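First the structure, in the form of structure tokens, and then the observations on it.
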Amino acid sequence: MTGPAPVAPARPRTDGDVLREIPMPPYVTVEDVQFAVRAVVVHAPRVWSGGIICRNDASPHPCRLHVWGRRVLTLRGLPSAEIDALVERGDPAADPRPYRPGA
Ligand SMILES: [Zn+2]
């Protein structure tokens, strides 16, 4: 009765450095949208010899703020092509779509 040695069950990798996410707002306000536009524009991708990095903080693109901004804009109903267009335009004050709360 010499079976194979018991193998330790595969454990999910618990990396100490888990990407801490910026909390999402409970609902997306106009200010969130403006901030998100600024985030994706300022934290735009930049092609570097080692790959694509954030233009602002040089971390691998997409950095946390870019991801956050994109998520907010997605929540706001923006298709990702439109977000790409915003990033490409590079205008941090762009208004992604006419939106007037309570008007
Ligand atoms: Zn960044």
Test of understanding: what is the full-extension gain from VAL47 to VAL30, defined as 0.36 nm times their sequence separation minus their Cα-Cα distance? 3.0 nm
Tell me, what HN-Hα J-couplings in whole Hz come from the Karplus equation 6.51 cos²θ - 1.76 cosθ + 1.60 at θ = phi - 60° for each residue of the range 79-88, using x for Gly and Pro? x, 5, 5, 6, 5, 4, 5, 4, 4, 5
Report the Cα-based extents of the range 30-89 along its three principal axes, largest first, to the nearest Å. 36, 19, 16
For a quick check of your reading of the filter: which chymotrypsin sites (Phe, Trp or Tyr not before Pro) in the range 25-77 sit in a DSSP loop and have no more than 10 other Cβ atoms within 10 Å? TYR27
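Rule-based calculations on the coordinates, nothing more; no lab input. None of the values given here were measured: they were computed from a predicted structure. We place every Cβ from the backbone using ideal geometry, glycine too, and count neighbours over all the protein chains shown.
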